[in-house]
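Below: one structure, written as structure tokens.
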Amino acid sequence: QVELVESGGGLVQPGGSLRLSCAASGSIDSIYTMGWYRQPPGKQRELVATITMSGSTNYADSVKDRFTISRDNAKNTAWLQMNSLKPEDTAVYSCNADRICADYVCRDDYWGQGTQVTVSS
């Protein structure tokens, strides 16, 4: 069974940094686009960043030049490096994979359980 597991959230002061990890477990053949989304308190979930299998990236305007998404296909893992954090970055951050092929069966739209990031002094 394929699962996405996030780690690395926590409490950080404004201006600080955090690095989130998203590891896929299972007998995985390939993972297509991976992404990070966040849901601030009382708001809708929003895109933060995505990265394709070949490494092409896309960022929300609000995080450009502060956040960096990366992945290691051999380790089935993606990361989100978050620098210069602001209170408005406070949210539950969730990892997504739009398609994962495991044991030669492909399924769409996997989500992790989410990890809380709180930016506060």
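The values are calculated or read from the model by the stated rules, or taken from the named source; none is laboratory data. Computed from a predicted model, the values in this text were never measured in an experiment. Areas reflect the complete protein model, heavy atoms only, side chains present, ligands, DNA and RNA absent. Shrake-Rupley method; radii C 1.70, N 1.55, O 1.52, S 1.80 Å.
Could you tell me how many cubic angstrom of Cα convex hull volume the chain has per residue?
In the chain, the Cα hull volume divided by residue count equals 89 Å³.
Rolling a 1.4 angstrom probe over the protein chains, ignoring ligands and nucleic acids, what is the accessible area of GLU6 in square angstrom, nearest 10?
Looks like 10 Å² after rounding.
Could you report the chain's accessible area per residue, 1.4 Å probe, as an integer in Å²?
53
Leaving out ligands, DNA and RNA, what percent of the accessible area of the chain is carbon and sulfur, probe 1.4 Å?
For the chain, the apolar C and S fraction of the accessible surface comes to 44 percent.
Tally the DSSP beta bridges in the chain and give the antiparallel ones as a percent, rounded to 5.
95
Reachable aspartates and glutamates from LYS64, Cα under 16 Å, same-chain residues fewer than 8 places away excluded?
Straight-distance partners of LYS64: GLU46, GLU88, ASP89.
Could you give me the ³J(HN,Hα) list for region 96-101, computed from phi with Karplus coefficients 6.51, -1.76, 1.60 and θ = phi - 60°, whole Hz, x at Gly and Pro?
Values per residue, Gly and Pro as x: 9, 10, 6, 7, 10, 9 Hz.
I need to check one value: relative contact order of the chain, counting alpha carbon pairs closer than 8 Å and at least 6 residues apart, in percent.
It comes to 36 percent, rounded to a whole number.
Quick one: what are the phi-derived ³J(HN,Hα) couplings along region 63-75, Karplus 6.51/-1.76/1.60 with θ = phi - 60°, whole Hz, x for glycine and proline?
Result, rounded to whole Hz: 10, 4, 6, 10, 10, 9, 9, 8, 7, 10, 5, 5, 9.
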